[in-house]
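Below: one structure, written as structure tokens.
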Amino acid sequence: MTQTLIGAIEAGGTKFVLAVARADGTVLAETRIATRTPAECFPDMAAFFESAVAAHGTIGGFGVASFGPIDIDPASAAYGTFTTTPKPGWSGARYHDALGRFGVPIVVDTDVGGAALGEWEQGAGQQCGTLAYTTVGTGIGSGVLKAGKSLMGFSHYESGHIPIARDPARDPYAGFCPFHGDCLEGLAAGPAIKARWGQSLSDLGSPADEIKLIADYVSQLAVNLILLHMPDRLIFGGGVMKTPGLIPALRQATEARLAGYIKAPQLDPGLETYIVPPGLGDEAGITGAIALGRRALGL
Ligand code: ZN
């Protein structure tokens, strides 16, 4: 029996993970390509899927979980198009330009929306009515799912750019965001940590104070996510969050900031089951892209 396959793309700032999978999620082919300009990436991407089709059979739909900013509104004429990214060459690039030749539906969400979906289906977000997935890495962003549906307004959320309370006496670093300086991403993303201390959080000798500072900043997002969305769980992934001790420090800082105001069974003492790392680890993104592809197949 011929099976209709899924083409899945997890597009990040440094690499693309490409996979061809069966509808049940079994991966038949997978590769990684470096993120360069779309003129360089898109032909490589299309070539991978063409060779996978030759080897494994027809692709019936694509799922894309991509860095942004990107238009993820299916009703928009520009669906799947990068908007105002400072990344050279990406503004105006559209996944449909590269994948249109396959003539099948393409479902596009953000990288964090995709990871949230992957975690909701198979990871640490299972059984959560509302789930927030945040990445703290090269950039910062959050995807919020309600009943498995990615929430958005006129565009996807930009949680990395929320304003942050910063004490300049404690942290004189003014932030690197070209738009806001000391927004959350400007203060707590990987590049901010490197610019401030010359190395990554996990490479610092005894980083207790540094971890506390970053946890304090990220906790401001955690509290905002709780106050605005009341998620059943918060998942925090990304390279920075892998620093040993950061998740426990984030739980502590978030609980302190909530100050006992919200009482709910979800908010367990110490937030140990409430704030968690991704259950799928680094596979959350591609798992989510495959799940988006399943939706492209109409499943
Ligand atoms: Zn910003």
Pairs, first under 16 Å from H229 (Cα atoms) in the stretch 257-270, second of a type in the set (S, T, Y) and surrounded by 12 or more Cβ atoms within 10 Å (Cβ to Cβ), C-beta under 7 Å, six or more apart
Q266/Y274; L267/Y274
Which one of these is touching a residue at least 40 places away in the same chain (Cβ under 8 Å) and either farther than 23 Å from P86 by Cβ or open to solvent by less than 20 Å² (accessible area, probe 1.4 Å) (or both): A188, A147, A208?
A188
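For every residue, the table says whether it meets (1) of a type outside the set (K, R); (2) within 20 Å of L117 (Cα to Cα); (3) within 15 Å of the ligand (Cβ to nearest atom).
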{"residue": "G139", "(1), (2), (3)": "yes, yes, yes"}
{"residue": "H161", "(1), (2), (3)": "yes, no, yes"}
{"residue": "K194", "(1), (2), (3)": "no, no, no"}
{"residue": "I214", "(1), (2), (3)": "yes, no, no"}
{"residue": "A222", "(1), (2), (3)": "yes, yes, no"}
{"residue": "L225", "(1), (2), (3)": "yes, yes, no"}
{"residue": "H229", "(1), (2), (3)": "yes, yes, no"}
{"residue": "G237", "(1), (2), (3)": "yes, yes, no"}
Can you tell me which residue is nearest to T135 (Cα to Cα) among those in the stretch 29-52 that are among the aliphatic types (A, V, I, L, M) and in contact (Cβ under 8 Å) with a residue 40 or more places away in the chain?
M45
Looking at Y217, Y173, which one is assigned by TED's automatic domain parsing to the domain that holds D268, over 29 Å from I70 (Cα atoms) and open to solvent by less than 70 Å² (accessible area, probe 1.4 Å)?
Y173
Which of the residues spanning the stretch 109-130 are surrounded by 24 or more Cβ atoms within 10 Å (Cβ to Cβ) and in contact with a His (Cβ under 9 Å, 6 or more places away or on another chain)?
D109, T110, V112, G113
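The values are calculated or read from the model by the stated rules, or taken from the named source; none is laboratory data. What you see is a predicted model; the values in this text were computed from it and never measured. Please note: Cβ atoms are built from the backbone with ideal geometry, for glycine as well, and neighbour counts cover all protein chains shown. Side chains included, ligands, DNA and RNA excluded: accessible areas come from the protein's heavy atoms. Shrake-Rupley method; radii C 1.70, N 1.55, O 1.52, S 1.80 Å.
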